[in-house]
Every structure is written in C-alpha cells, then in structure tokens.
Amino acid sequence: MADSLNRRTVLVFLLGSLLHHCVSIEARTLHTINIKYPQLFPEGFDWDKENQHFIVGSLQFGTLHTVSDAGIAEDFIKHKDYAGKASVVGITVDSKRSRVLCGNHSGF
C-alpha cells in the first residue's frame, strides 16, 4: 500500500510539473492532480493537447486511461488479451497523426 502511495505521489509531482509546461504562458500556478483509480500503477503518461487530458499507461492492468485535470480516470484502451497479462511501459501522443503509441511487456 505504501509503495502504491509513493508511486501516486511521484506521478502527481510529474503531472504537476508537466502541466506547468503545458498550460498557457499566462498561467503561473501549479495544479496538483490526484488520480482517482485504485491500483492503477501508472508507468508512463503524455499530454493529449487536442482532447485536453493525459493518457496514462498502467503497469498493473496493461491498459491505457485518460486522466482529466480533475483526476478522473477513464478506460481509454482495454483489450481482453492484454488485461492483467501485460504492462504498458511507455507512451507518447502523436498529435500530428492523431494516434497514441505505447510499448508493452508481458514478462513471459
């Protein structure tokens, strides 16, 4: 449980830092995002500028999720063949081509 909280704290810090660089120049205050998704174990994330949310990959579930600035996480990509069997280990949003790229690892 403590490990889970430490990972969330690190992610919130990273998301806050990233938000600081993603928002307009006029915005000068940091915004903390507390993700409301039990045992998500986020590994990678990227900002989707077009849809104004983060895309977050889960080590635990092998899924991709959207996370709003209010911390609301929703399933984005969930595939029965990967759920619980593989981990998302990297993610980037390719806005130019309207796609999300991610890597996975199955450990087998």
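The values are calculated or read from the model by the stated rules, or taken from the named source; none is laboratory data. Remember, predicted model here, so these are calculated numbers, not experimental data. Note: ideal-geometry Cβ built from the backbone for every residue, glycine included; neighbour counts use all protein chains shown.
A few remarks follow.
- Going through (1) among the polar types (S, T, N, Q); (2) at pLDDT 55 or above; (3) outside any loop (DSSP other than H, G, I, E, B) one by one, Ser4 falls short only on (2).
- Scanning segment 57-72 for residues that are free of Cβ contacts under 8 Å to residues at least 40 places away in the same chain and either surrounded by fewer than 20 Cβ atoms within 10 Å (Cβ to Cβ) or under 12 Å from Thr92 (Cβ atoms) (or both) yields Leu59, Gln60, Leu64, Thr66, Ser68, Ala70, Gly71, Ile72.
- Within segment 87-104, residues that are over 14 Å from His65 (Cα atoms) reach partners that are surrounded by 13 or more Cβ atoms within 10 Å (Cβ to Cβ) and acidic (Asp, Glu) with beta carbons closer than 8 Å, at six or more positions or on different chains, in the pairs Ser95/Asp48.
- Screening segment 73-93 for residues that are surrounded by fewer than 19 Cβ atoms within 10 Å (Cβ to Cβ) and hydroxyl-bearing (Ser, Thr, Tyr) and picking the one that is modelled with the highest pLDDT gives Thr92.
- For segment 39-98, a residue qualifies if it is farther than 26 Å from Thr29 by Cα, within 11 Å of the chain's Cα centre (by Cα) and not in a strand (DSSP E or B), and the qualifying residues are Leu40, Phe41, Leu59, Thr63.
- Among residues of segment 47-56, those that are more than 14 Å from Gly90 (Cβ to Cβ) and either among the β-branched types (Val, Ile, Thr) or modelled with pLDDT under 90 (or both), counted: 0
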